[in-house]
Amino acid sequence: MSSTPLASVLFVCVHNAGRSQMAAGFLDHLAGDRVEVRSAGSLPGDQVNPAAVEAMAEVGIDISAAQPKILTTEAVRASDYVITMGCGDACPVFPGKTYLDWALEDPAGKGVEAVRPIRDEIRARVEALVAEIDAQHEA
C-alpha cells in the first residue's frame, strides 16, 4: 500500500470535544493510513467530552488521549474534505475542497446513553465517507 494517503479529512465542530472527535476516531479506525485525519473547533473546549470518550470505548475505539484543537486556515487548506458539524460561518472556504455539513445533535452535557445514537450516526456517515473516498480512487 502507498504511504501517501488517498485523502485528508478535517472534522470541525464548535468545541472539538464530541462530534468531531468521535468522527476522527472512527475515520482513523476504519481507514487507517489510507486517509489523513484532522479535527478542530472554532471555540475549542478544555477536554474531550467524557461521555464521548466512554461511548467510543464501548465500540473499541480509544479517543481518551485526544485534545481539542483550534480551527486554523492552514488545517482547512491542507484538507481535501472539510466536514462541519455546527461551526457555522467560522470555517474558511477554499476552492477545490469538498465541504459537507453533517447536521448532528451536540452531545455536550449529555450522558453516555444520549451520546450512543449520535455516535452510531457518526459511524454510519464516516463509513459512507470512506466508501466514497475509496471509490474515487478506484475509478
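The values are calculated or read from the model by the stated rules, or taken from the named source; none is laboratory data. Since the structure is predicted, the reported quantities are computational estimates derived from the model, not experimental observations. Note: ideal-geometry Cβ built from the backbone for every residue, glycine included; neighbour counts use all protein chains shown. What goes into the accessible areas is simple: the full protein's heavy atoms, side chains included, and nothing from ligands, DNA or RNA. Shrake-Rupley method; radii C 1.70, N 1.55, O 1.52, S 1.80 Å.
Might you work out the accessible area of Glu132 for me, using a 1.4 Å probe with all protein chains in place, and round it to the nearest 10 Å²?
The accessible area comes out at roughly 70 Å².
If I compute percent of Cα pairs over 21 Å apart from the structure I just sent, which labelled value in (1) 45; (2) 36; (3) 40 lines up?
The value computed from this structure is option (2).
When the solvent-accessible surface of protein heavy atoms is calculated with a 1.4 angstrom probe, in what order do Glu138, Glu36, Glu113, Glu105 fall, highest first?
Working: Glu138 150, Glu36 75, Glu113 130, Glu105 105 Å².
Order by accessible area, largest first: Glu138, Glu113, Glu105, Glu36.
Please compute P(r) over all alpha-carbon pairs of region 41-97, binned at 5 Å starting from zero, and give each bin as a whole-number percent.
Computed distribution, short to long bins: 4, 17, 21, 20, 18, 13, 7, 1.
Using a 1.4 Å probe and counting only protein heavy atoms, arrange Thr84, Thr98 so the residue with the most accessible area comes first.
On the way: Thr84 20, Thr98 55 Å².
Reading off the accessible areas and sorting them downward yields Thr98, Thr84.
Tyr99 to Asp62: FRET efficiency via 1/(1 + (r/R0)^6), r the Cβ-Cβ distance, R0 35 Å, to the nearest 0.05?
On the way: r = 29 Å, r/R0 = 0.83.
After rounding, the FRET efficiency stands at 0.75.
Filter the chain for me: DSSP H helices, axial length by Cα at least 15 angstrom, mean Kyte-Doolittle hydropathy not below 0.0. List them by residue number.
Working: long enough: 19-31 (18 Å, 0.14); 112-138 (38 Å, -0.29).
Passing helices, by number: 19-31.
Taking 8 Å as the Cα distance limit and 6 or more residues as the minimum spacing, I'd like the relative contact order of region 1-74 as a percentage.
Details: 132 pairs, mean separation 26.6, N = 74.
Averaging sequence separation for qualifying contacts and normalising by length gives 36 percent for region 1-74.
Please find, in a Gaussian network model of the chain (springs between Cα atoms separated by less than 10 Å), the residue of Ala78, Ala128, Ala66 whose mean-square fluctuation is greatest.
Ala128
Over region 6-64, with every protein chain in place, what whole percent of the accessible area is carbon and sulfur at 1.4 Å, could you tell me?
Working: 1030 of 2130 Å².
Carbon and sulfur: 48 percent of the exposed surface of region 6-64.
Students sometimes get this wrong: rank Phe94, Phe11 by accessible area, probe 1.4 Å, all chains present, largest first.
Working: Phe94 45, Phe11 0 Å².
Solvent-accessible surface, decreasing: Phe94, Phe11.
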